[in-house]
Structure formats: structure tokens, C-alpha cells
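Trainee: First the structure, which I've put down as C-alpha cells, then a few questions once you've had a look.
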Amino acid sequence: MPEQDDIRIGVYVCHCGGNISDTVNCERVAESLRGLPNVVVARTDMSMCSDAGQSLIEEDIREQGVNRVVVGACAPALHERTFRGTVARAGLNPYLYHHVGLREQDSWVHHGTPGKATEKAIRLMHAGVAKAQLLEPLDTIRLDAEQHALVIGGGVAGLRAAWDIARRGIRVTLIEQSPFLGGRMAQLEILFPTGEDARQALHGLIQQVQAHPLITLLTGATLTGVRGYVGDFQVEITQQPRGVSEDFAHFEAAAAACPVEVPDEFNYGLTTRKAIYRPYSDAVPNAPAIDWANCTRCGACQSADGAGIDLENTPNLHTLKVGAVVVATGFRPYEPRQGEFGYGQFPEVVTLAQMIRLLALNEDGQQLTWHGREVNTIALIHCVGSRETPGVQEPHEDGRVNDYCSRVCCTATLQLTNELRERFPEVNLFDLYEDIRTYGRGHEDIYEQASAGGVRFMRFHGDERPEVLAAPTGEESPLLVRIKDYLTWGTELDVPADLVVLATGMLPNPVDDIVDLLKIAQGNDRFLLEVHPKLRPVETAVTGVVLAGTAQGPMNIQEACAAASAAAAKVAVLLGRGVVSLEPFVARVNPDLCSGSGECVAVCAYEDAIALEPISVNGHSAHKAVVSPANCVGCGVCVSACPNHAIDVQGWTLKQYEAMVEAIVADLPLLEVAQ
Amino acid sequence: MTQDKQAARERTARLKKLREEHQESIERTRTHLKAQQEIRRAITAAMRGGATTVPEIADASDLPADQVLWHVTAMKKYDLVVETGRSGDYYCYALPEGQL
Amino acid sequence: MSDYDLKVDALVVGGGIAGMQSALDLADQGYRVALVEKEASIGGKMIMLSKVFPTLDCCSCITTPKMSAVAHHDNITLLTTCEVQAFTGNVQGGYTVEVQQNPRYVDTDACTGCRQCEYACPVDLTSTFDLGMGATRAIRVPFSTAVPQKAIIDIEHCLLCGKCEKVCSVEAIDFTQQPYTFTIETNAVVLATGFRLTPTDAKHEYGGGKILNVIDALSMERLLAPTGPYGHILRPSDGKEPESIAYVQCAGSRDQTLGVEYCSRVCCMYAVKQAMLLSGALPLADITIYYMDIRTFGKGYEQFYQNAKAMGIEFVRGKVAQITEDEGHNPLVRVELTDEGRIVERAHDLIVLSVGMLPGNNLEPIYGVQPGRDGFAAIPAPNLFPAETARPGIFVTGTASGPMDIVDSIVLAGAAAAQAAAYLETSHSQTDVIPTAVPEVAHA
């Protein structure tokens, strides 16, 4: 600790462009600070965070010998880092800086009482100065970063992120929980807006990923354990074996022999498959896999080629050390409830996802049929499972409604209508929507084309959604869709339908286990939550864990790839130079005072943050508390529990708090403040 | 010749060249400035005469209201006019003390 | 000033939010970056806004940290008032870029941004930053949060009277400055040149720019911003505080008569946002939004829209056909109420046109990046490679590649940085990149 005389404090009160100065008299605040011991400079400025404002601080450090800086400004979350940078640039340890929030904590909540707001600002700044007296230089915690990233999810976002990270020179292990790569993109046929073939594009990417020497792919693999922190996560991966060897060449025979038949999830239940399966002929990896959940281990498949099949599904455990984790766990399409728009009630009601598969299965069909009937009229209904309103739609199992927009369905649905129009020109198409959200580049053209192609549009209000009913006997079509159509000024219309397609939205895949393991957050919409949608759109609150793709929210493939690349950039920033920096606000033990009581360990809520360890003291073995700085979040609970005051949080010590509190409650000579 | 004198000579020469290059724009700006000053005179006269809102100042100075708004805004930015309160749906402006 | 050559790993063209984010994401990895911006300050269009959706954060608070980080990053060379003139491939597989620095007539090393010169200058001009509603002077610091916070002279409107020189206490005025060209050598380029707003006079049906109380949405942003020209929401014809404000959606987008058939993507959200802010600023005002479809598609956006409805903002479906005005400059809207099937004429105090985004600069002449059908930069494989152009080592990000909001721009900027970094690692020798020390403070 420097001598008292050597401490030279610079204090700065920001006007914040009026945000503070409209209520708080900044000049009076600065004036009240000038006389305080060790305060050598007290200034105000319109905007301390601006370049000019920051220069004031730098100049004072260089020319006035200021060696402790206090700035009263907006909340620390916004500019504390900025000012630490300012101070560091001028050659001072960045932790000899203290930030006082005068905006969110003062001017914004007391703008009706400027006099009191000014007094509060004076007290807060005095507290800041009191703390500044006790600031010590601290070092950022630098840790070696393992240049290895874990990507969870083998869909397009996970693949894209993995490839970008690997090309940057960082090792990647990608785990995919199913036996096959490609995720939802493999279940598409044509991509908008380009009209390109989905699987072809996907396989191009998969090939690049497979070919890259820095990427290891593990299918049938899930995350089952996580410890550690950014730069040094120890992760446990549990991998189910495939059950079938890589070069297995008798798939057709094995599948024919298998007695177990289950709905094929690749086609959303429209077809069935066996317990030894491959979703499509050129799936990657190409070897078929055993569906362990449904396999009865009867061994019938082994009659074709016993050597290639192993029905022992002992899982493999992999332990890896990684520096960062990318969560790319994707989405599942909303499945309508029983009876919702007739789903599950009438066989003629299908989802958009099913319809896409249906058309693919019907590749060479001249006439569209469904369950043997000719399809002449199709009604498509938008916003199923999206844009729900509490009180209008029933809540789901978790008590919530899906109040969000699923973003991709309008364009996807209209693309489907265009495809239908092209392949089956005679089919009548009715599109029932709330708003048409073809917002993206090239998307409006798809809407135009649908309209020009004779798709008939009808518009409902969100709180008066269409009803799907059985048509009266004698009608040509089995169903009718009743809609209050506002394109015809609220007329109630009955639309006949041989097929009803529900444009269903997106839900995140159920990843509660990953959320728990990584300690990341979910938003109200159940998707994974980013720290800040603008400042840090792909980062979670856990340093080192980033998001890619629809795990975060509905988005199309283009947007998922952009997000995945952005996530890769974040990983490269964290790991690229082999070192991560963490802030030093962690607990620190004074071993001389520590009696090894273990109270701190008992109250600590963070894994591996503090432990008692044997230390040799004068030849005797004693136990002392030892903090693992990287795991400690600096919450201070240990400080309150320690009977010997042997532990403190660096940068936020008990003595500093005491000094601040004393300053806040002190009998300040009350200056004349404007009422 | 000293450094300073040399520099001063260069500067004068450069300025002369600049003035030649920008003869047209300088002329244009001068005309613009003259017109601006006339408008300002009319506005300050109207304000001295008691007009406080934009419509009142426009009326008194016989200038279009949108023009008055722009000028009052410009003057307010550079502390030549202050806002003093409201009158109905309009804000009131005045010359700063010491300039009345 | 002398010529100088600069060698970097990546050149970022454009200092708006996308350019800044790409630059930071590259610089944080240790790459040397040059950021070239043609205006006197970085910040682009974003720094002009009031609050941003859907969080309603103050826009300055989101943007200035990035501007400051760019200005101070050890790995970023910030070049303002600079424009790229020429761009050619070089023998090492990189690019040689010719840049022209346009003179400020102010010595930026000496200038402290004190603005005494601005106060002394006699020439008042309409401020482009305030969309013509406010004033600036022939010499000025561009705006209060400009980075760099230095003065610049608009020589086309300067009298060369020398008043600024007289009051400058650090002798920063320098009329001897001239444009000069220098060369940058780079291996990768990220184009973040942004967009243009649809001009307010684009549609004669909407008054052709002649109706005083018909303004565009960016003008309304300035009115809503704390640093706005009037300090209040006032209408331009006479400074009256409006009691009835209407938004015209799709004013310049989804419009075949203008040749702009695409959706500009951001206007529904910004109109809803502005309407919510106006409800706060003018609690007694009626606010109406005339729309075709409400496209609030992003994360948290639909909830934002429903909140606005609950606040009493009126949403009326109908494409405004015509705007006229009466003698008092009160605008009159003619629209078909499609839900009811009748045509009405409604008077309001102020109309805001939700104008769209047009392509900014044509990137073909200099960079050889062709425009797509919509005029924005063509992206050959947009689904899997959203930031890559047809030319190796040239990436495009932000609204240069199409209309998008700030969230999507920031994400795409990260993507462009990732692509550029991967390109640098795989195409160019690593020995050129000298890793710098990990900064003391990690950047946002």
C-alpha cells in the first residue's frame, strides 16, 4: 500500500449528455469533492465516455500525477470497462479505478427531486472517493487457454461453427446426439431464396468438416459432465455406439429382417422404419445405425451379416479438455395439440414439415394424393403454435404460450405453395394468414410469385383464428376451414380442403440437461438466452459458452450460418492467442489468519471455487482455504462466513465497504442545493 | 528568413490559392450569410417586440414559420436564444439577458 | 502531411456498426486492421438514433463503447475523412488499396474538440446530421459523441474569414492541408459501406418532399434523441407540439412504382418503437400506424408489438394512397381501411414516412463486387456463406448486403470477421501476423 501522501485521486462527474445533469447539479457535486483529502483534481464533463472526456483523465494521470480515478457516470455495466481501458492507456493499473453509477441509481430514479438527487450524488461520490483511498493495483487473471472447442450439435449451425473455428487453427470436437449429421436441414428439399437443393448444400459443408484435420466428429454423443471454466473446461462426453460397422454393406437385408417397425422421424411419422435404419440413402455417416430405444436385441439383422453388427451398446466415455463450448442444439418443429386445427383428429391435417416430406416422397407423382384420395384443394394456415396470446390460446404444458413469431414459416409456406403450383397446376391453393412476413432478401419475390400464381389469400385476426371442421356429408372435400376473412371485410367463409397444411413454428430442442451442466440461461420463450441482443448477441452469461443457430431462437439457414460464424469469431477471440483474461474480483485468503475452519467451503455455492488444502507450516501440516480464482465469482459469501476475517474479495474488500458506508452516512456539511 | 517567416509566407500563399480555388463558393457563402443576417435581424427585432412563440415571431417578422423555427433552433444551439416556457402547443423563446 | 504506406491483415471499409464490429472481432484476435471511413466520424447511421429496439437501450450507450474501443484498439488504425479510390490485386495474393484522405483543415493532433471555433464561425448551415432540422457551422465538431472528437471545416461553405483561427487556443486550424493519397496493403477486405435512406421526395403521392409536416423516420429519430435539434418533438412547419401523429409503413418499399419491390425489414419494428417512445414523450398524443403487414419477426419483437397495441397505439391496415396538406400545413392522409372496405381521409399534425433502405454505394467499380438484382451486394451462396462475395478475400457485411437491423448487422459482422480470419489463416502465411500482447482489459 502506498503512503497516504502518495495517493492522488482524480474525480470526474459526467453530465451524461443531460441524462445526469438534468437532475443532478454536477458542478456542486464536483465542488463538494475538491476539499477531500488526497483529491487533487475534480472535474465535470458533458460526456466522459467520449474521446475528449477520456482524454481529460489521461492527461491528468500524466500531467497531474493522478494515480486513483473515480468517475461518476452511467451504470458500470456500460462504461466501467471503457474507463479501465482509459486508465490503462495512461499507464496506470486499470484496477485503480472506481466507477460510481449516478444515472440509473440517481438521476433517472429521482428526477422529480433534483435537490435530493444532488445530495445523493454527493454522498455516492464521497463513497467512491473513500473507496479510492483503499484501492490496490490488481492483476487480471491470465489463464492458459486450451485451443480446443467443443461444438454441441451436428446440424448446419454446428457444422458451420466447427469449420470456421478449425480453419482458424483451433481444434474442434463436434458431438451430435443422433447417429447422423445434418440436423433439420437434411429434412428439407429446396432452400429459399436460391432454390438450391438442401441436402446437396448440406453435404458440401459436411464434406469440408469431415476433411478438416482439426475436427473430430462424434455421433451418438451427448454432453454428460462439465467442470471448469473458460480456457479449461473438463467435459465428459458419453457416446452410444452405432452398433453397425462403418463399411457395413447389407443394409437392405438387415432392415428387411428386422421385426421392429416404428414411425420414421425423418418423415415426421408419415412413413415407418426399422430399428436398424438410415434416414436417407446418402446420410452421413453412411453406415446404418441401431435405434437402441426400440431395438429388442433379437439379432434378426445379424443373419445378413453378423460380423458388421454388434448389439452390445456399452457406451464410451470421452473426457476432453476444451477452452470454449458452442451450443448449436437446434430446434424441433411445433407439434400441434390433439384437435388443434383438427390435427390428430382428421387425417387430412398435416404440418408444414410433414408436407415438405410428403412432396419429396411423392417426387414423381403426377397427381397429388393423400391416403388414396385425390387432392384438389389445399388450405394452408399460418402461425400455428406461434404468436399465441395469453387468454386466447391455451397455455402449453409449462404454463406458457408461444408468444413469439417463428420467423421462417411465412416464406417457407409460400415457397411450398409455389412448388405446389408448379408441380400440380390444377390444385386450388388457399393461404390463410395473419401477416405475411416475407422480410428477407429475395423473400418478397416468393410472395409475389405466389400471388401471381393464383394462390388465394385470406386474412384472419390473431384472436379469431380459423377453425378446421369436418365438411357436411355430400361435399366433395372432407374438410372445411372456417375463417373470418378481413380481405373481404370480415366475411365468414368456408374453404373446402382435401388437405390442410399447418404452418407450424419452432420450439427449441429440449436441452435442460445441457442448460444445467453449462449453467446457461433460457429466456421466457424457452430458447437459450444471449447476454445482450445487441452488444453480445451470440454470447451467454457464462464466459466461454457461445450460441449458434436455432437453439437461440427461430431463424433460417442463412441467419443460422451467420450466427454460427459469429460464434466462431468469439471462440477465436477467446482462444486464439492461447490465453484468457479474467477480472480479478475473486476471493483471496490471508493464510496467516486462516484457521482452516472450513466455514467458507461450506457456504460456497460454486463448484471447485474454494477448498481446504494441506499446507506445511513450520513443519506441521495445517489446512488452509485455497481459492481457485478461475472458478470463483467473487460473491463474497465466504467473507461473511469466515470467523477470522481471513478472506476478502479483491477489489471489493470489507474495509473498502466500511469506508464507503461511513462516507454515505456521514454528516456532510450540507451545501445549498437547489430544490 | 526564419522558420516562422517562411511558414507564414507559405501559409499566405496557400490561403491565396485557396481563396482563388474557392472563389465561387466563397461568393455563394457570402450571399448566404448576408441573407441569414437579415433574417436574424428581423427575428431578434420581433422578439424584442414581445413575440415569443414561432408563429408569433413569424407573424411579427413576416417570415414563414418553418424558416423561423429553423433559425430559432440554430440560435438556441449557439446560445443566442433561450427557451423560456410554453404557450399552448408551442414553446416560448427569448433573447438571453444582456442582449435585450 | 507526408504520404505513408500502411500494411495490415484486413481492411474494413465503413465505420458504421457493422464495420466497427468486424474490425473489433478481427483486432481482438490479434490481426492488424485498418478501418477507413469517409465521414469525419465513425458511428454510421446508428449513432443518429434515439433508442433501439427491442430493449429500448439508449443508442449512444450501445454505440459509443464500440466507437471508443475502435479508436483505442492497439490493432486498429482508424482513418476518417478517407475514401478508397482504387483497389487492385497484388502479386502476393493480397490487395493494394489507394486511399484519399480529404483535408479537415484542422490539425487533429492539436485539436481538443473544445468547439470554440464552431462558436466563433459566422456561417450557419443546415445540419445533415439533424436531417436539415438543426444547424451546424462551417467549422464544427460533427456531433457531441463523434469519434474522433475533432473539428472539420466544410470548405465549400467556408468564407475563409479566419475567425476560427483567431479563437483557437492550440493553433489547430491549418488551411495549408490538401487531399493526399496513400496506399494500404492488405490481405483481406470487409466491405461495410452501409445503406441509403429512401429520399422523402421519392413518391409524388406523398407530397414529393414538399409537405413540411411529412418527415422521414430518421428525422423522427433525431426528434426523439436526447441530442435532437429542438429538444422536444415539434413539427417542422411551425414548431407546434403534435397531438396526432401517423406512420405510413412501406413508404418506399414493396413498391413497384418505385422499382423497390423488396421489404426493407426494419421499418415495422422502428415504427412500433418510435410510437412507443412518442407515447412516453407525448402522453396525450394519438398515434396511428397505417400498415400492409406488420413484420415483427425477431427475438422479442412480436412481444414488443403486442405491448405497443396494449399501450393504445392504433394499428390500421391500409396502404396510404395519398398525402396532401391544408393551408395550415396540416397533412391529410387518404387511405382505404381494408378491414372495413371503405376509403377515408384523416387529418394528422405530423406524418412520419417509414422509409426503406436503398443500396448505398455501388461496390462494383472499385471492388468488382457486383450488385444483385435489388442493387445490394451480390452474395453468391447466401445460405451457407452469407458474408462472402464472389471475389476471394473480399467479404461484405451489414446493410451493404441487404436491409437488416442492428442485431443482424452485428451478427453478420462477426460472421464476416470469422470468414476473413479463416481466409487469412488458410490463404496467407502466418509469419506476416505478429501477435500483439493480450490487452489488459478484454473488449466487449
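The values are calculated or read from the model by the stated rules, or taken from the named source; none is laboratory data. Note that this is a predicted model, so its numbers are computed, not measured. Cβ coordinates were reconstructed from backbone atoms using ideal geometry, including for glycine residues, and neighbour counts include every protein chain displayed. Just the protein is used for accessible areas: all its heavy atoms, side chains included, with ligands, DNA and RNA removed. Shrake-Rupley method; radii C 1.70, N 1.55, O 1.52, S 1.80 Å.
Trainee: Please give the number of the condition A:V66 fails out of (1) in contact with a Leu (Cβ under 9 Å, 6 or more places away or on another chain); (2) outside any loop (DSSP other than H, G, I, E, B); (3) touching a residue at least 40 places away in the same chain (Cβ under 8 Å); (4) of a type in the set (V, I, T).
Mentor: Here A:V66 clears every test but (2).
Trainee: Oh, and also: Give me the residue from segment C:340-355 that is assigned to a loop (DSSP other than H, G, I, E, B) and at pLDDT 95 or above and, out of that set, surrounded by the fewest Cβ atoms within 10 Å (Cβ to Cβ).
Mentor: Out of the qualifying residues, it is C:D349.
Trainee: How many of the residues making up segment C:392-444 are in contact with a strand residue (DSSP E or B) (Cβ under 9 Å, 6 or more places away or on another chain), of a type in the set (A, V, I, L, M, F, W, C), modelled with pLDDT under 50 and farther than 19 Å from A:P533 by Cβ?
Mentor: 3
Trainee: Here is a further query. State yes or no: is A:V40 touching an Asp or Glu at 6+ places or on another chain (Cβ under 9 Å), open to solvent by 20 Å² or more (accessible area, probe 1.4 Å), modelled with pLDDT of 90 or more and closer than 17 Å to A:A132 by Cβ?
Mentor: yes
Trainee: For segment C:140-172, which positions are of a type in the set (V, I, T) and within 22 Å of the chain's Cα centre (by Cα)?
Mentor: Matches in segment C:140-172: C:V141, C:T145, C:V147, C:I152, C:I153.
Trainee: I'm trying to understand the selection: among the residues of segment C:45-67, which are hydrophobic (A, V, I, L, M, F, W, C), closer than 19 Å to C:L78 by Cα and within 7 Å of chain A (Cβ to nearest Cβ)? Let's see the steps before the verdict.
Mentor: Taking segment C:45-67 as the starting set, the residues that turn out to be hydrophobic (A, V, I, L, M, F, W, C) are C:46-49, C:52-53, C:56, C:58-59, C:61-62, C:67.
Narrowing the set further to residues that are closer than 19 Å to C:L78 by Cα leaves C:46-47, C:67.
Result: no residue meets the conditions.
Trainee: Okay, next question. Here are some residues: C:T88, C:T96, C:T77. Which one is more than 14 Å from chain A (Cβ to nearest Cβ), surrounded by fewer than 21 Cβ atoms within 10 Å (Cβ to Cβ), of a type in the set (S, T, Y) and free of Cβ contacts under 8 Å to residues at least 12 places away in the same chain? Let's see the steps before the verdict.
Mentor: Details: C:T96 fails: free of Cβ contacts under 8 Å to residues at least 12 places away in the same chain; C:T77 fails: free of Cβ contacts under 8 Å to residues at least 12 places away in the same chain.
Answer to the check: C:T88.
Trainee: Just to be sure, is A:A560 closer than 30 Å to C:L384 by Cβ and touching a helix residue (DSSP H, G or I) at 6+ places or on another chain (Cβ under 7 Å)?
Mentor: Numbers: closer than 30 Å to C:L384 by Cβ: yes; touching a helix residue (DSSP H, G or I) at 6+ places or on another chain (Cβ under 7 Å): yes.
Here the answer is yes, as A:A560 does meet what is asked.
Trainee: Take A:A567 and tell me if it is open to solvent by less than 10 Å² (accessible area, probe 1.4 Å), within 14 Å of chain C (Cβ to nearest Cβ), in contact with a Gly (Cβ under 6 Å, 6 or more places away or on another chain) and part of a helix (DSSP H, G or I). Spell out the reasoning first.
Mentor: On the way: open to solvent by less than 10 Å² (accessible area, probe 1.4 Å): yes; within 14 Å of chain C (Cβ to nearest Cβ): yes; in contact with a Gly (Cβ under 6 Å, 6 or more places away or on another chain): no; part of a helix (DSSP H, G or I): yes.
So A:A567 fails the test.
Trainee: Next question, about the same structure. Keeping to segment A:77-112, report how many residues are in contact (Cβ under 8 Å) with a residue 40 or more places away in the chain, among the hydrophobic types (A, V, I, L, M, F, W, C) and over 24 Å from A:N19 (Cα atoms).
Mentor: 1
Trainee: Within segment A:424-432, does at least one residue satisfy the condition of being touching a Phe, Trp or Tyr at 6+ places or on another chain (Cβ under 7 Å) and not assigned by TED's automatic domain parsing to the domain that holds A:N556? I'd like the intermediate steps shown before the answer.
Mentor: We begin by selecting, within segment A:424-432, every residue touching a Phe, Trp or Tyr at 6+ places or on another chain (Cβ under 7 Å); these are A:431-432.
Now drop any that are not not assigned by TED's automatic domain parsing to the domain that holds A:N556, which leaves A:431-432.
Looking for residues that are touching a Phe, Trp or Tyr at 6+ places or on another chain (Cβ under 7 Å) and not assigned by TED's automatic domain parsing to the domain that holds A:N556, one finds at least one in segment A:424-432, hence yes.
Trainee: Something else now. Can you list residue pairs whose Cβ atoms sit under 6 Å apart, with the first residue in segment A:1-28 being under 27 Å from C:P65 (Cβ atoms) and modelled with pLDDT under 95 and the second being open to solvent by 80 Å² or more (accessible area, probe 1.4 Å) and not basic (K, R)? Count only pairs 6 or more apart in sequence or on different chains.
Mentor: Hits for this filter: A:H15/A:M46; A:G17/C:P226; A:G18/C:P226; A:T23/A:H111.
Trainee: Here is a further query. State which residue is nearest to A:V350 (Cα to Cα) when the search covers only segment A:376-411 and only residues that are away from chain C (no Cβ under 14 Å) and surrounded by fewer than 22 Cβ atoms within 10 Å (Cβ to Cβ).
Mentor: Here the answer is A:T377.
Trainee: Only one residue in A:S47, A:S32, A:S21 is on the phi < 0 side of the Ramachandran plot, more than 10 Å from every other protein chain (Cβ to nearest Cβ), polar (S, T, N, Q) and part of a loop (DSSP other than H, G, I, E, B), so which one is that? Even if it seems obvious, please write down each step before you answer.
Mentor: Details: A:S47 fails: more than 10 Å from every other protein chain (Cβ to nearest Cβ); A:S32 fails: part of a loop (DSSP other than H, G, I, E, B).
The match here is A:S21.
Trainee: Within segment B:36-71, which residues are within 11 Å of another protein chain (Cβ to nearest Cβ) and more than 23 Å from C:G328 (Cα to Cα)?
Mentor: B:Q36, B:Q37, B:R40
Trainee: Can you tell me which residue among A:I165, A:I190 is surrounded by 21 or more Cβ atoms within 10 Å (Cβ to Cβ) and either in the same structural domain as A:K321 (by TED's automatic domain parsing) or under 28 Å from the mean Cα position of the chain (by Cα) (or both)?
Mentor: Details: A:I190 fails: surrounded by 21 or more Cβ atoms within 10 Å (Cβ to Cβ).
From the options A:I165, A:I190, the qualifying one is A:I165.
Trainee: Would you please list the contacts, defined by Cβ atoms under 6 Å and residues six or more apart or on different chains, that run from a residue in segment C:323-345 that is away from chain A (no Cβ under 14 Å) to a residue that is polar (S, T, N, Q) and open to solvent by 40 Å² or more (accessible area, probe 1.4 Å)?
Mentor: Here the result reads C:L332/C:T324; C:R334/C:Q322, each pair linking segment C:323-345 to a residue that is polar (S, T, N, Q) and open to solvent by 40 Å² or more (accessible area, probe 1.4 Å).
Trainee: While we're on this one: Taking the stated definitions as given, is C:A377 aliphatic (A, V, I, L, M), within 10 Å of chain A (Cβ to nearest Cβ) and in contact with a helix residue (DSSP H, G or I) (Cβ under 6 Å, 6 or more places away or on another chain)?
Mentor: Here the answer is no, as C:A377 does not meet what is asked.
Trainee: A further question on this structure: Need a quick list: strands (runs of 3 or more DSSP E) entirely within segment A:106-218 having at least 2 residues that are at pLDDT 95 or above and over 29 Å from A:D291 (Cβ atoms).
Mentor: A:148-152
Trainee: Residues in segment A:661-669: is at least one modelled with pLDDT under 95, more than 17 Å from A:Q133 (Cβ to Cβ), among the small types (G, A, S) and open to solvent by 30 Å² or more (accessible area, probe 1.4 Å)?
Mentor: No, every residue in segment A:661-669 fails to be modelled with pLDDT under 95, more than 17 Å from A:Q133 (Cβ to Cβ), among the small types (G, A, S) and open to solvent by 30 Å² or more (accessible area, probe 1.4 Å).
Trainee: I would also like to ask the following. From A:E613, A:E658, grab the single residue that is open to solvent by 60 Å² or more (accessible area, probe 1.4 Å) and in a helix (DSSP H, G or I).
Mentor: A:E658
Trainee: crowded, with 20+ Cβ neighbours inside 10 Å, more than 9 Å from chain C (Cβ to nearest Cβ), modelled with pLDDT of 95 or more and under 30 Å from A:C405 (Cβ atoms): which single residue out of A:V649, A:V545 fits that description?
Mentor: Going through A:V649, A:V545 in turn, the sole match is A:V545.
Let's see how each residue does on (1) modelled with pLDDT under 95; (2) not in a loop (DSSP other than H, G, I, E, B):
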| residue | (1), (2) |
| --- | --- |
| A:V262 | no, yes |
| A:A283 | no, no |
| A:A300 | yes, no |
| A:S303 | yes, yes |
| A:G306 | yes, yes |
| A:N313 | yes, no |
| A:P336 | no, no |
| A:Q354 | no, yes |
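Trainee: Of (1) of a type outside the set (D, E, K, R); (2) touching a Cys at 6+ places or on another chain (Cβ under 9 Å); (3) within 30 Å of A:F251 (Cβ to Cβ), A:H382 satisfies all except one. Which?
Mentor: A:H382 satisfies all of (1) of a type outside the set (D, E, K, R); (2) touching a Cys at 6+ places or on another chain (Cβ under 9 Å); (3) within 30 Å of A:F251 (Cβ to Cβ) except (3).
Trainee: State all residues of segment A:68-77 that are crowded, with 24+ Cβ neighbours inside 10 Å and at pLDDT below 95; if no residue qualifies, say none.
Mentor: Correct list: A:A73, A:C74.
Trainee: Additional query: Give me the strands (runs of 3 or more DSSP E) completely within segment C:1-50, filtered to those with at least 1 residues that are open to solvent by less than 10 Å² (accessible area, probe 1.4 Å), ordered by residue number.
Mentor: The strands (runs of 3 or more DSSP E) meeting that bar are C:10-13, C:33-36.
Trainee: If you don't mind, another one. Mind listing whichever residues of segment B:14-66 are open to solvent by 50 Å² or more (accessible area, probe 1.4 Å) and in contact with a Cys (Cβ under 8 Å, 6 or more places away or on another chain)?
Mentor: none
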